[in-house]
Amino acid sequence: KINDLKKSGTTNPEAYDLVQRAKILLFDGNSKASTKKAVELYEQAVQLDPDYASAYAGLGKAHYYTSTTSIETPRVAFSKSKAAYEKALKLDPKNSMALAGMSDISLFLDRDLKKSKQLLDLAYNPESSRSEVIRSYTLYLESRGRFEEMATATLKGIEYDPKSPKLHQVYAWVNYYLGNLELADKHSKIALSLSPSFQWALHLRSIILMDSGKFKEAESMLIQGIKDDPNNPVSIMSLGVVYWKWNKKQESEALLLDLLHRSHFEYIKGDIISRFYAAIGDKDKAIQWIRKSDELREMSFMVLHHHPWIKDLHNSDDFNKIYREAG
């Protein structure tokens, strides 16, 4: 542990311990509560050691995930994230997580794909990159529709970090896109075994179960996921779609109305509601919420067009106009 402390960039054991606890919460917890707590722990770490570059990089990533878990709107979250990454890079210009994080901001907030790729080139090393750097790289590839490369990079990451639920989840998604359903099924199960309340792992698992007509199993899984991560909008949306496909329209509509009601006084990501509407066949409302996702600069907007429920919108002029105008 002394050697780990020396390599970490701090001489303060309490700050180091806070960062290790925050990492577990942020990268394995994948819930609203764990993300909020991770932000608190990283903030405590940089207060104890203001020269701890890795703690600032972790803080930047934690703020970034507050947008993906519907805690903060993207512009607010990305602003805080960028400030933390810049502090990390001032202390350590080669910090890979901070460089990859700045690449995310260039991609999702600035929509500057060239700059995003330049930053990734500095951060990413396929032979040694950390799971979060690999995740940034795969997001870039996903936004470009380069799924075979995405699969290769993710599998390489799993070889180095076999206990990363996010990497198993990404590998499951990309194999679902590619039609490799056995691999998608296998790795979605692994992701959930590592992080049972992981909202997007639950989402994909529910899609796989629905494809097989296993509605009851999908319902039970999602109800448990909602109990474990209360009021998580992704799992509620996923459950609503399960009910719709299961011909339980009244239960589905009740969950959609709940999300719409909540969106008036808390941040519910536009991409979540757009998926719900797309899945139940309301194309106009789906496009309306995709437009909102674009306006908010949500991360998912840049990859949403690949989602299986959204593909039915590809022939819509309004849908294509949104993406053309976004560049």
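With the Cα gyration tensor of the stretch 50-202 in hand, give its eigenvalues times 5 under a square root as the equivalent ellipsoid semi-axes, listed largest first in whole angstrom.
After diagonalising the Cα gyration tensor, the semi-axes are 25, 16, 15 Å.
Would you please classify the overall shape of the stretch 284-327 from the alpha carbon gyration tensor, given that a ≥ b ≥ c denote the square roots of the eigenvalues, rounded means a/c under 1.5, and beyond that prolate means a/b larger than b/c while oblate covers the rest? List each step's numbers first, then the result.
Values: a/c = 1.40, a/b = 1.22, b/c = 1.15.
Rounded, because the longest to shortest axis ratio a/c is under 1.5.
About the Cα centre, and with charges only on the beta carbon of Lys, Arg (+1) and Asp, Glu (-1), how big is the dipole of the stretch 213-292? Nearest 20 debye, please.
Numbers: 13 positive and 11 negative charges, 53 e Å.
Charge dipole, the stretch 213-292, about its Cα centre: 260 debye, nearest 20.
Mean residue ellipticity at 222 nm from the helices of the chain, using -39,500 (n - 2.57) per DSSP H segment of n ≥ 4 over the full residue count, to the nearest 500 deg cm²/dmol?
Roughly -23000 deg cm²/dmol at 222 nm, from the helical runs in the chain.
What is the helix-to-structure angle for 249-262, meaning the angle in degrees between its Cα long axis and the longest Cα principal axis of the chain, kept from 0 to 90 and rounded to the nearest 10?
It works out to around 40 degrees.
In the chain, with Lys and Arg counted as +1 and Asp and Glu as -1 at Cβ, which of these residues, SER129, PHE265, TRP309, has the Cα nearest the positive end of the dipole, that is, farthest along it?
Projecting each Cα onto the dipole axis, the largest value belongs to SER129.
Note down the Stokes-Einstein diffusion coefficient of the stretch 1-128 in µm²/s, whole number, using a Kirkwood radius over alpha carbon pairs, 20 °C, and 1.002 mPa s.
147 µm²/s
In degrees from 0 to 90, rounded to the nearest 10, what is the angle of the helix 283-296 Cα long axis to the longest principal axis of the chain?
The angle comes out at about 20 degrees.
In degrees between 0 and 90, to the nearest 10, how far off the longest principal axis of the chain does helix 165-178 point, with axes built from Cα atoms?
So the helix axis and the longest Cα principal axis differ by about 40 degrees.
Return the Rg/Rh ratio of the chain with Cα-based radii and a Kirkwood Rh.
Radius of gyration relative to Kirkwood radius: 0.96.
Size of the dipole of the chain about the Cα centre, Lys and Arg at +1 and Asp and Glu at -1 on the beta carbon, nothing else charged, in debye to 20?
Charge dipole, the chain, about its Cα centre: 120 debye, nearest 20.
Tell me the trypsin sites (Lys or Arg not before Pro) within the stretch 27-98 that lie in a loop according to DSSP and have at most 11 other beta-carbon atoms within 10 Å.
Numbers: sites: LYS32, LYS36, LYS37, LYS61, ARG75, LYS80, LYS82, LYS87, LYS90, LYS94; in loops: LYS94.
Those satisfying the criteria are LYS94.
Bear in mind that the values in this text are calculations on the coordinates, not laboratory data. Computed from a prediction, not measured in an experiment: that's the story for all the values here. Counting neighbours? That spans all protein chains shown, and the Cβs are built from the backbone with ideal geometry, glycine included.
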